[in-house]
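**Student:** Mind looking over this structure? Questions follow.
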Amino acid sequence: MAQTIFCRLRCPRCFTSFPAEIALSTGTKGRLSSDLCYRGEGTFVYPYLVVVCPGCGFTSYHQEFDYLAELPKYSPYHPVGRALKNFLQERHHLYPGSEKYRLAAEDAKRRGSSPLAVAHLHLKGSWCAREEGNREAERYHQEEALRHFRLALGEVEEGRDAAVIRYLVGELCRRLGRFEEAEEAFGSITLRDLPYWLHNALRRMQKLAAQHDSSPQELPRA
Ligand SMILES: [Zn+2]
């Protein structure tokens, strides 16, 4: 089951150390949505994969921060436990997942990260926004993911990775209501390059694009 842990991290930029709640895995026994969001049983973990430094605002995957220690398990009546809970709740409120991924993507762009890395940050941001019920933020992240996946296609060699990117380009276009572009992207996939587990999804999303249906979809368990 997907779980989060409480720990102390240190920022690689300003060396502030601070408590954080992070997730170490996406869990098991999950379901996959048509834009490849894997949702394991238990907590929706994507907001906990990225951390915002309270000292300087640096935002990135938690692996980029120094892991200092797991925090002791405080009782809810312990003053430190209460202060910690309040701090984390406030941070969670200030930086919902969709906002964390927006900041992380901005930072990645400034650092000159690859378009593919930026695209994946925006894609995860769109999953968080969907979970938050924030359609405006979801569209923003989908548009940015789409733009960066298209840029990435210019850098990735044809083969499995390129086929999956083309599938995501098609699916993001479908979700954004750009049905002709979706059909074009789906049509550009070389089927033998696409992983077998995505073949049914491709056929279904192609059909939905042709019917001008932009609704989110869950993929059947393989
Ligand atoms: Zn910092």
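The values are calculated or read from the model by the stated rules, or taken from the named source; none is laboratory data. For clarity, every value in this text was computed on a predicted model and none was experimentally measured. Don't worry about glycine lacking a Cβ; one is built from the backbone with ideal geometry, like all the others, and counts go over all protein chains shown.
The rows are residues; the columns are (1) within 23 Å of ILE189 (Cα to Cα); (2) at pLDDT 95 or above; (3) over 17 Å from the mean Cα position of the chain (by Cα).
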site	(1), (2), (3)
TRP127	no, yes, no
ARG130	no, yes, no
ALA137	no, yes, no
GLN142	yes, yes, no
GLU158	yes, no, yes
LEU172	yes, yes, no
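**Student:** Sticking with this one: Name the pairs whose Cβ atoms lie under 6 Å apart, with the first residue in the range 52-64 and small (Gly, Ala, Ser), the second at pLDDT 95 or above, and 6 or more positions between them or separate chains?
**Tutor:** Here the result reads GLY55/CYS11; GLY55/CYS14; GLY55/THR16; SER60/ALA104, each pair linking the range 52-64 to a residue that is at pLDDT 95 or above.
**Student:** Further, regarding this structure: Looking at the range 159-201, which of its residues are aromatic (Phe, Trp, Tyr) and either closer than 19 Å to ARG139 by Cα or touching a strand residue (DSSP E or B) at 6+ places or on another chain (Cβ under 7 Å) (or both)? Before you say what the answer is, go through the steps one by one.
**Tutor:** Keep residues of the range 159-201 that are aromatic (Phe, Trp, Tyr), which gives 167, 179, 186, 196-197.
Result: TYR167, PHE179.
**Student:** Right, another one. Any chance the range 163-172 includes a residue that's surrounded by 15 or more Cβ atoms within 10 Å (Cβ to Cβ) and in contact with a His (Cβ under 9 Å, 6 or more places away or on another chain)?
**Tutor:** Within the range 163-172, not a single residue is surrounded by 15 or more Cβ atoms within 10 Å (Cβ to Cβ) and in contact with a His (Cβ under 9 Å, 6 or more places away or on another chain).
**Student:** Another one. Tally the residues that are farther than 20 Å from SER126 by Cα and surrounded by 15 or more Cβ atoms within 10 Å (Cβ to Cβ), restricting the search to the range 25-36.
**Tutor:** Total meeting the criteria: 0.
**Student:** (1) more than 16 Å from the ligand (Cβ to nearest atom); (2) of a type in the set (Phe, Trp, Tyr); (3) touching a helix residue (DSSP H, G or I) at 6+ places or on another chain (Cβ under 9 Å): which one isn't true of TYR77, the others all being true?
**Tutor:** The single condition TYR77 does not satisfy is (3).
**Student:** For the range 36-59, enumerate the residues that are over 14 Å from the mean Cα position of the chain (by Cα) and more than 16 Å from the ligand (Cβ to nearest atom).
**Tutor:** Within the range 36-59, GLU41, GLY42, THR43 meet the criteria.
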